[in-house]
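The values are calculated or read from the model by the stated rules, or taken from the named source; none is laboratory data. Since we're looking at a predicted model, the values are computed, not measured. Backbone-built Cβ (ideal geometry, glycine too); neighbour counts: all protein chains shown.
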Amino acid sequence: MGVAAAESQFHVLAVDDSLIDRKLIERLLKTSSYQVTTVDSGSKALEFLGLQENDSNTPHETSVCPKIHQEVGVNLVITDYCMPGMTGYDLLKKIKESSSLKNIPVIIMSSENVPSRISRCLEGGAEEFFLKPVRLSDVSKLRPHLMRTKCCNQENEENKCWNQEKQVNIESSEIESQTAAQSNNKNKRKAIDEGISPDITRPRYNGHSLVSNHL
Amino acid sequence: MERNSHRQLANMKKSLFDQGYLDQEQFTQLEELQDEANPNFVEEVVTLYYRDSARLIQNIEQALAEKNPLDFTKLDNYMHQFKGSSCSIGAKKLKNECTQFREYCRTGNGEG
């Protein structure tokens, strides 16, 4: 069972206004060995991700945002479509419009099979659209998205450090050496089960000598 | 003793499946999610479902009582929730009834 033990657990944020569906999705995800957080609304999801709505009554919280997101480390968001207030689609848009969150894969679920809704969500950036009730077989489809984004996120974080915040440069060199050690291990595993996507290779060409081993 | 109750349970489930009250596939999914680490999962979910449904039914009854005029949007919303949770738990017959109810809402059929 502990094949991927060295890699930290993937953290999934599940958003659904129905208590029963939250319980179900939580169980489904935990059975698949993911770490799960459930919330009952889009706004709470954004709060958890560290992104406040701009017109909220709590301006003092916005300054805390980026820190929270990085500490929390959500790898995937799975959300119900039909929710009061902010729908799953609205949540999807907000995530994709955020520079810090847009790389997080978003999955939309719905009990209603409406083709126009499905294509709208996929066009809006959703990775997949699940029809409810969600099954274990659906949850197994999440893994490739998580695998792909996990390594992308690490690369993107380093790129952001170089391009934007200069004060973080000190930290990033430490992160680099850590990632170097980690990615050596990861490369061996990835060679077996990865379907190579161009997104992964592009950022790596920015200067990782380790990449040649992997490819 | 235990074997008897297991058999009883199996029989009960089978009749629920056969009569179309319970969706075998979905309910089996729920059972598969139960294991040693989570021995009461099915019970917890079903209990939640009953509680949730009771609340929904109360809301629906209230909405139906406000007869003039019937708030179909509100009723439709309740039905959507009810249908959703029924679906997740495999309550097939109930889900079908909900769908029918929503059709009535859509067509403004108060009598239905």
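Brief remarks follow.
- The helices (runs of 4 or more DSSP H) falling completely within segment B:1-88 that include 2 or more residues that are among the hydroxyl-bearing types (Ser, Thr, Tyr) map to B:2-18, B:41-65.
- Of all residues in segment A:10-56 being within 17 Å of the chain's Cα centre (by Cα) and over 30 Å from residue B:87 (Cα atoms), the one that is modelled with the highest pLDDT: A:50
- In summary, residue B:69 fulfils each of the numbered conditions (1) at pLDDT below 85; (2) in contact with a Gly (Cβ under 9 Å, 6 or more places away or on another chain); (3) surrounded by 13 or more Cβ atoms within 10 Å (Cβ to Cβ) with the single exception of condition (3).
- Selected residue (criterion: nearest to the other protein chains (Cβ to nearest Cβ)) from residues of segment B:89-112 that are in a loop (DSSP other than H, G, I, E, B) and surrounded by 17 or more Cβ atoms within 10 Å (Cβ to Cβ): B:90
- Unmet requirement for residue A:129, which otherwise passes all of (1) touching a residue at least 24 places away in the same chain (Cβ under 8 Å); (2) buried (at least 18 other Cβ atoms within 10 Å of the Cβ): (1)
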